[in-house]
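Working notes, beginning with the structure itself.
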Amino acid sequence: MVALTAAIANLKGGVGKSTTTVMLADGLAYYYGMNVLVIDLDPQANSSQMLLTEQGVQAASDQGKGTHHLLASFMEGKPPSAAPFVMPNAVTLEELRLAEEHDERKGWISSLPAHPQLRLRELSLEEEWYGKSGTPTTLADALAKHFQAAFEPLLPIYDVILLDCPPHLSPLARAGLALADAYITPTIADSVSTWGTKQFSDWVGKFVAPDLPSRNFVLITRFRDTKYARQVASDLREIYLKDRWFGPTIPESIHVLNAMDRPALDSYNTLRGKYAGVTGDVRRLAERFTDFMTQRTGVTWQKVRD
Amino acid sequence: MAESPGLTPVEYIDRFFDELRAEVRANPALAARLVKALGGNVVFDNEAKADVANPYSLAAEGDRARFFSVFGTMKLGDIKKVLKENNLATRVDMTGKNADQLVDMMYTRASRKVQERKSSIY
């Protein structure tokens, strides 16, 4: 079996991309026992921070792990290989850790983390590339080719690879989008996010994936239950993106935002402790996304936990 | 104010400070914020510590003895409350640990977060 690669992306910032990435990784690993790899292509490194803590992100970087090191290997003309840059342990849930401790691994999360250095390296690469008459498009294509070869050996190891993409269309972000089998679009039920989602959808549909509707999983996050928000959410489903897959509407949760701030590398939380009032939404997200995966890959999944 | 048109300015001010004093006595968190805003050093009352003491702020001072003098004398339940409300430990992390171990964890984790998050340029 080969992993499904899904890019979590939207041109608009602040729509919950990183939180969605971690929530989905937790949900798929916890409920379906999937082996998940989270690749962070966003120099803000938010999902890496949520999984590994700031200390862990820095420690990973010091150990030569991370997407900025992968980018450096491209710049140095080394053979494409992503495996050496992966942190194999990015689990934050106590249930997954305990299962591992009892030699009955049921679900696991690994991380190819980002680091703020990523943007500096990318800028340096861009300056060098454009100095040799390259263009953003040729750079994005070259990176995509390198990454595809680098990720190839990882595909049989994982069940799903989540690519957390930055909220812009840099060559690195475009390379990430080009690698994806599926596109997860988090958005918020308001007018600016709806418009930003349309821009993103149009751009990806035109330049990356003409068959985007069948490959697109839309998620309305940080939902405030007001009449206006309900109307916008309904319009997204019924009018603006009516041919897409939709996940459950995720309510705004201060508890989850706090819980994403992992206290320390040796800190673990139960699924219920981490997600509290939205635990049911995490389960529905995992269920719905697994249905989407099945439709994309033909592989069916059984739950390992309720 | 409108129902007491006969008060002098001093009486108005007295009433205002009476209200403020009453609120400061009843609300230690507000009291601590006001004292800090005025540049004062907050002395923690035992009963109010859990509501007022900020582990990050105390860890940033780098004075381990003062940190332990504030949190080390708290009841176990209050220590857990501070850890939880400041995102320094989950319930899983706290299971089976005594007060000393929890305060030690609080100091280590708060100091690390401060170190990771404090700007190097100031």
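The values are calculated or read from the model by the stated rules, or taken from the named source; none is laboratory data. Model, not experiment: these values are computed from the prediction. No Cβ is skipped: glycine too gets one built from the backbone with ideal geometry, and neighbour counts run over all protein chains shown.
Of all residues in segment B:108-122, those that are within 12 Å of chain A (Cβ to nearest Cβ) and either of a type in the set (F, W, Y) or assigned to a helix (DSSP H, G or I) (or both) total 10. Within segment A:252-306, the set of residues being in contact with a helix residue (DSSP H, G or I) (Cβ under 6 Å, 6 or more places away or on another chain), under 23 Å from A:A189 (Cβ atoms), more than 14 Å from chain B (Cβ to nearest Cβ) and outside any helix (DSSP H, G or I) comprises just one member, A:S253. Of all the residues in segment A:240-250, those that are surrounded by 14 or more Cβ atoms within 10 Å (Cβ to Cβ) and part of a loop (DSSP other than H, G, I, E, B) number 6. Would you pick out the residues in segment A:105-149 that are farther than 24 Å from A:K65 by Cβ and of a type in the set (K, R)? Matches in segment A:105-149: A:K106, A:K132. Evaluating B:V52 against the criteria (1) of a type in the set (A, V, I, L, M, F, W, C); (2) in contact (Cβ under 8 Å) with a residue 40 or more places away in the chain; (3) more than 14 Å from chain A (Cβ to nearest Cβ) leaves one unmet condition, (2).
I need the full set of residues from segment B:41-68 which are under 15 Å from B:N87 (Cα atoms) and either of a type outside the set (S, T, Y) or surrounded by 15 or more Cβ atoms within 10 Å (Cβ to Cβ) (or both), in order please. Matches in segment B:41-68: B:A50, B:D51, B:A53, B:N54, B:P55, B:Y56, B:A59. Whether any residue in segment A:9-20 is in contact with a Lys or Arg (Cβ under 9 Å, 6 or more places away or on another chain), part of a helix (DSSP H, G or I) and over 28 Å from A:Q199 (Cα atoms) is what I want to check. So far as segment A:9-20 goes, no, none of its residues is in contact with a Lys or Arg (Cβ under 9 Å, 6 or more places away or on another chain), part of a helix (DSSP H, G or I) and over 28 Å from A:Q199 (Cα atoms). For segment A:125-151, the tally of residues that are without any contact (Cβ under 8 Å) to a residue 60 or more places away in the chain and either farther than 27 Å from A:S201 by Cβ or among the acidic types (D, E) (or both) stands at 11. In the set A:A72, A:A114, A:A59, only one residue is of a type outside the set (S, T, N, Q), in a helix (DSSP H, G or I) and crowded, with 18+ Cβ neighbours inside 10 Å; that residue is A:A72.
Taking the conditions (1) assigned to a helix (DSSP H, G or I); (2) in contact with a helix residue (DSSP H, G or I) (Cβ under 9 Å, 6 or more places away or on another chain); (3) modelled with pLDDT of 95 or more in turn, A:L162 satisfies each one other than (1). If you check A:P213 against the conditions, is it at pLDDT below 95 and touching an Asp or Glu at 6+ places or on another chain (Cβ under 7 Å)? Against the criterion (at pLDDT below 95 and touching an Asp or Glu at 6+ places or on another chain (Cβ under 7 Å)), A:P213 qualifies. Screening A:E94 on (1) of a type outside the set (S, T, N, Q); (2) closer than 29 Å to A:P213 by Cα; (3) crowded, with 17+ Cβ neighbours inside 10 Å shows it passes everything except condition (2). Considering A:K78, A:K65, the condition of being among the basic types (K, R), assigned to a loop (DSSP other than H, G, I, E, B) and either touching a residue at least 12 places away in the same chain (Cβ under 8 Å) or within 14 Å of chain B (Cβ to nearest Cβ) (or both) is satisfied by A:K65 alone. Only one entry in B:V92, B:V70, B:V82 is in a helix (DSSP H, G or I), under 11 Å from the mean Cα position of the chain (by Cα) and within 14 Å of another protein chain (Cβ to nearest Cβ), namely B:V82. Note on segment A:191-228: residues that are surrounded by 15 or more Cβ atoms within 10 Å (Cβ to Cβ) and hydroxyl-bearing (S, T, Y) total 5. Working only within segment A:184-239, note down all residues that are assigned to a loop (DSSP other than H, G, I, E, B) and touching a helix residue (DSSP H, G or I) at 6+ places or on another chain (Cβ under 7 Å). Within segment A:184-239, A:A189, A:D190, A:V208, A:A209, A:T221 qualify.
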